[in-house]
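The values are calculated or read from the model by the stated rules, or taken from the named source; none is laboratory data. Keep in mind that this is a model prediction, so the values were computed, not measured. Positions of Cβ are generated from backbone atoms using ideal geometry, with glycine treated the same way; all protein chains shown enter the neighbour counts. SASA here: full protein model, heavy atoms, side chains in, ligands and nucleic acids out. Shrake-Rupley method; radii C 1.70, N 1.55, O 1.52, S 1.80 Å.
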Amino acid sequence: MIDRLTIDKIMDATNIVDVVSEFVTLKKTGVNYKGLCPFHDDKTPSFIVSPSKGICHCFACGKGGNSINFLMEHEQMTYPDALRWLAKKYNIEIKERELTAEEQQAATERESMFIINNWALGYFHDILHNDTDGRAIGMQYFRSRGFRDDIIEKFQLGFAPSRRNALSQAALKEGYKAEYLVKTGLCYKRDDGELVDRYAGRVIFPWLTVSGKVNAFGGRVLDSRTKGVQQKYVNSPESEIYHKDHELYGLYQAKRAIAKEDTVYMVEGYTDVISMHQNGIENVVANSGTALSVHQIRLLRRFTQNITLLYDGDEAGIHAAMRGTDMLLQEGMNVKVLLLPDGDDPDSFSRKHSSDDFRKYVEDHQTDFIIFKTHLLLEGVTDPIKRSEAISNIVRSVSVIPDQIKRDTYIRECSRNFQMNEQTLINTMNRFIGGDIETRQKEAERQSRREAEAEAQQPQQVQAIGLHSIDEQTEEVERLLVQLLIQHGGEVVIRDVETEDGQLINLSVAQYVDYDFAQDDLHFSNPIYDRILHEAASRSVDEGFRSDTYFTNHPDIVVSRLAGSLAMNHYQLSKSLQMRVDAASILQKTNHLIVDFRIAVKSRLIADIRKKMSEAMKASDMNLVKELMKEQMEAQKLRDTIAAKVGRNFLR
């Protein structure tokens with residue numbers, strides 16, 4: 001367990017901008033920072049980070065909170081793991097006991113898989129440096145590629161012993177479970193139940209998540225065995241913690257450089273990434289020979305919208321450059337292509353040239369993708385049919401670009417290059433766009449039909465007319481009241497109130513609301529809201545109490561998440577446009593919301609009475625109907641009296 005004092009120390013040291021910047025590219029806007037939300041497909045930045053409040057929030061999907069909430073949601077961490085991550089980042093010592101074997105067994109499957117992968121990372125790395133075969137075979141291979149010691153350490157490269165059960169025996173001896181060796185893909189089971197090491201005799205390339213957790217490995221077979229082998233590389237199989245189409249090799253080591261340079265180089269393999277790092281070019285990742293996926297593109301787009309595809313100049317390299325490019329364009333990426341001279345890949349080219357020469361070559365030879373595709377498909381083509389097919393292919397790529405100005409610019413460029421009427425190209429492009437829209441609409445209609453059919457199979461529930469809307473109104477009023485408590489709960493709004501024993505006291509927002517509710521025994525429908533009210537009221541007497549800081553850093557993760565979502569206002573106005581927020585204006589808002597809440601409570605009561613009255617009429621119980629009518633009239637009278645205070649009327 002981590003004690004409260006240490007938790008407070010960690011939270012005091014934490015800078016929300018530093019934490020979120022590890023995963024999202026942020027730009028300063030006024031007093032806050034803004035970026036693309038990492039929790040949904042965000043086309044325009046809607047993710048706001050407030051350094052003064054210590055919270056982040058997406059105004060599109062609603063996710064966010066303090067640094068711990070962010071890490072728990074983004075990295076699927078537990079609360080203690082998020083604290084450990086922050087403690088490590090800010091060099092804060094945590095004194096806690098090691099997990100016992102029983103506690104490790106009780107850990108979740110996902111956590112257990114990360115734990116055993118982290119152990120395997122250290123195991124492979126240790127073998128590379130301290131085992132005879134590791135030094136003679138594994139290290140010799142890395143030396144032959146020209147890798148320096150600092151680069152080997154940076155990427156935590158390793159070596160797996162040739163003996164087919166070396167790792168599995170070592171892991172079992174350390175107390176790790178065989179089931180997790182299999183689930184992570186470190187081992188597989190034969191029919192007789194024997195565990196076999198997947199990477200035996202291979203050099204190891206660990207895969208790290210964007211936060212630096214080990215989620216997979218790649219292993220390369222060495223020496224003469226590579227001849228005639230179909231699979232020189234073996235990667236971890238799909239698992240709970242690793243989905244190949246969600247990951248990019250080297251992103252953890254590259255993310256800061258990508259954000260700084262505002263561009264990323266995409267290469268094919270592990271050694272391409274590592275050699276470029278050694279050459280001083282760090283904003284590079286690899287998709288490891290597979291077609292790019294939407295998940296990978298959106299992961300990159302958090303850090304930059306500019307990508308250069310960097311491949312060999314041979315036919316295979318050209319084919320690799322063409323794969324997934326329409327998807328990149330569709331996701332709003334600015335795509336350039338650079339094909340290296342024949343016989344060179346990024347690995348060999350970076351070893352032959354200095355960092356400055358490499359960058360200059362890239363700058364001089366990289367080509368906008370549409371221009372690259374035009375040269376590739378039309379160069380030397382004279383056949384009218386093939387030429388028209390090539391032009392349609394190029395216009396098809398232009399049509400998926402979401403930015404209309406970019407599309408128009410490319411169409412004008414294509415018109416000049418193809419020597420074709422611009423309107424003809426526009427008409428062709430619009431047909432492609434229309435076809436895509438129609439396809440999406442049909443899919444949406446099919447999905448709606450499926451949902452309707454599924455709903456029709458569910459038992460039908462009868463609901464009182466207007467009850468749902470009243471529930472929504474009540475929920476919204478309660479949310480606004482709790483937001484007020486979180487943002488201003490500790491602020492004094494009434495001074496020098498005389499108590500029954502003659503003492504003069506000050507009332508904070510929370511104390512004022514708590515006192516008003518107590519007069520009629522009112523409660524929020526959500527018990528968490530009640531808890532926030534009572535805690536804010538009792539804590540208001542503490543010197544220096546700030547409700548927003550207190551609740552966003554609350555030890556109960558449910559409370560802190562809720563506070564994080566409510567502590568930030570959607571619109572951040574400039575100082576000249578901001579309304580004055582003083583005790584009088586806050587008290588006015590508080591009174592207004594209390595009245596709204598009381599009206600909502602009475603409206604809900606009236607709706608419940610009407611529902612009961614309808615049931616009584618169906619049962620022909622006229623005595624009960626009369627009693628309920630009397631209750632309804634009294635409730636309406638009370639509601640109207642409350643509403644009259646703010647000049648509202650209700651239609652009967």
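Would you mind listing the strands (runs of 3 or more DSSP E) fully within region 241-334 where at least 1 residues are free of Cβ contacts under 8 Å to residues at least 60 places away in the same chain and surrounded by fewer than 19 Cβ atoms within 10 Å (Cβ to Cβ)?
Details: elements: 264-267, 284-286, 306-311.
Once the strands (runs of 3 or more DSSP E) in region 241-334 are filtered for at least 1 residues that are free of Cβ contacts under 8 Å to residues at least 60 places away in the same chain and surrounded by fewer than 19 Cβ atoms within 10 Å (Cβ to Cβ), what remains is 306-311.
Of the numbered conditions (1) modelled with pLDDT of 85 or more; (2) part of a helix (DSSP H, G or I); (3) not acidic (D, E), F545 satisfies every one except a single condition; which is it?
(2)
Filter region 164-222 for residues that are in contact (Cβ under 8 Å) with a residue 12 or more places away in the chain and among the basic types (K, R); which is nearest to E238 (Cα to Cα)?
K183
So, in region 19-37, exactly how many residues are closer than 10 Å to R302 by Cα and open to solvent by less than 20 Å² (accessible area, probe 1.4 Å)?
Going through region 19-37 one residue at a time, the tally reaches 4.
Out of region 136-191, which residues are out of contact with any strand residue (DSSP E or B) (no Cβ under 7 Å at 6 or more places or on another chain), under 23 Å from D272 (Cβ atoms), open to solvent by 10 Å² or more (accessible area, probe 1.4 Å) and outside any helix (DSSP H, G or I)?
Once the filter is applied, which keeps residues that are out of contact with any strand residue (DSSP E or B) (no Cβ under 7 Å at 6 or more places or on another chain), under 23 Å from D272 (Cβ atoms), open to solvent by 10 Å² or more (accessible area, probe 1.4 Å) and outside any helix (DSSP H, G or I), region 136-191 yields R145, G146, R148.
Identify all residues within region 421-439 that are surrounded by 12 or more Cβ atoms within 10 Å (Cβ to Cβ), more than 10 Å from V395 (Cβ to Cβ) and among the hydrophobic types (A, V, I, L, M, F, W, C); write none if there are none.
I433
For the subset of region 57-72 comprising residues that are more than 17 Å from T14 (Cα to Cα) and open to solvent by 20 Å² or more (accessible area, probe 1.4 Å), which member is nearest to the chain's Cα centre (by Cα)?
Filtering region 57-72 for residues that are more than 17 Å from T14 (Cα to Cα) and open to solvent by 20 Å² or more (accessible area, probe 1.4 Å), the one nearest to the chain's Cα centre (by Cα) comes out as K63.
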